[in-house]
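To keep things clear, I will list the structure first and then write my remarks on it.
The values are calculated or read from the model by the stated rules, or taken from the named source; none is laboratory data. Every value quoted in this text rests on a predicted model; they were computed, and no experiment measured them. Note that we place each Cβ from the backbone using ideal geometry, even for glycine, and neighbour counts take in every protein chain shown. Areas reflect the complete protein model, heavy atoms only, side chains present, ligands, DNA and RNA absent. Shrake-Rupley method; radii C 1.70, N 1.55, O 1.52, S 1.80 Å.
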Amino acid sequence: MARALPKPALRPFLPADVPVLAAIFASAIEELTGDDYNEAQQEAWMAAAEDDEFGRQFAADLTLVATLDGSPVGFASLRGSDHIRMLYVHPAVSGQGIATLLVDALEKLAGGRGTTSLTVDASDTAQGFFAKRGYTAQQRNSVTINDEWLANTTMKKTLGAPQ
């Protein structure tokens, strides 16, 4: 008899999550962004997880952790009331609805707080995901991380708008 797949769950960020979220962050960048960013860019981006500020940002933002069988497999954070700052999913569960679950929750939380629109600085890898959810490109950006230039796109979605 086939075993049912575990259902993903969401919970708030806990300070003890920092090491596993840093590992998810690095794995997602290393394994999922290679078509859009070169190795030097990926390494510079991943190095952000080695900074002490990395963990402090989770507590400063509204950060949700997605779990399967109690183990973290992804996370997303909302900065202020209207900016999705981070969205990362472990490559082993990529394409299984974890990112959708996380962003759905952030959109509902933001809307419940009276926010009328959300923005995100989407990596080239994530841009298609957000576009399918009704986010539209506003501007192209170049950011420097550890002496490497990386491009992303600021995207915006009006909450309550049809997808």
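May I ask you to give the solvent-accessible area per residue for segment 122-163, in square angstrom, as obtained with a 1.4 angstrom probe? Mind dumping the intermediate values first?
On the way: 2500 Å² over 42 residues.
Per-residue value: 60 Å².
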Grab the Cα-Cα distance for residue 59 and residue 109, subtract it from 0.36 nm times how many residues apart they are, and report the gain in nm with one decimal.
16.4 nm
Paired Rg and Dmax values of segment 1-104, which use every Cα atom, in angstrom
14.0, 47
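Please count, across the chain, the pairs of lysine residues with Cα atoms under 16 Å apart that sit 8 or more places apart or on different chains. Could you put the intermediate results ahead of the total?
Working: 108/156; 108/157; 132/156; 132/157.
Counting lysine pairs in the chain gives 4.
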The chain - share of DSSP beta bridges that are antiparallel (%, nearest 5)
95
All other residues with a Cβ under 15 Å from the Cβ of residue 120 taken together, and with Lys, Arg as +1 and Asp, Glu as -1, what is their net charge?
+1
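Ranked from highest to lowest mean number of other Cβ atoms within 10 Å per residue, what is the order of the peptides 92-104, 133-145? Kindly include the intermediate steps, with their values, before the conclusion.
On the way: 92-104: 16.7, 133-145: 13.1.
In descending order of packing, they fall as 92-104, 133-145.
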Where labels lie 7 Å past Cα in the beta-carbon direction, separation of residue 146 and residue 9 in nm
3.4
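Let me check I've understood the local charge: for residue 135, count other residues with C-beta under 9 angstrom from its C-beta, Lys and Arg +1, Asp and Glu -1. What total comes out?
+4
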Principal axis lengths of segment 40-163 from Cα atoms, whole Å, largest first?
39, 38, 28
Modelled label-to-label distance, residue 96 and residue 71, 7 Å Cα→beta-carbon offset: nm?
0.9
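Can you order the peptides 66-75, 13-22 by their average number of other Cβ atoms within 10 Å per residue, highest first? Provide the component values of the computation, followed by the final result.
Numbers: 66-75: 18.0, 13-22: 15.2.
So the order, starting with the most tightly packed, is 66-75, 13-22.
Run lengths n ≥ 4 of DSSP H only: what is the helix-derived mean residue ellipticity at 222 nm for the chain, with -39500 (n - 2.57) per run over all residues, to the nearest 500? Write down the numbers at each step before the final one.
Working: 5 runs with 53 residues, N = 163.
Result for the chain, helices only: -9500 deg cm²/dmol.
Provide the net charge surrounding residue 53, with neighbours chosen by a C-beta distance below 15 Å and charges set as Lys +1, Arg +1, Asp -1, Glu -1.
Values: positive: 56, 79, 85; negative: 50, 51, 52, 61.
Its environment carries a net charge of -1.
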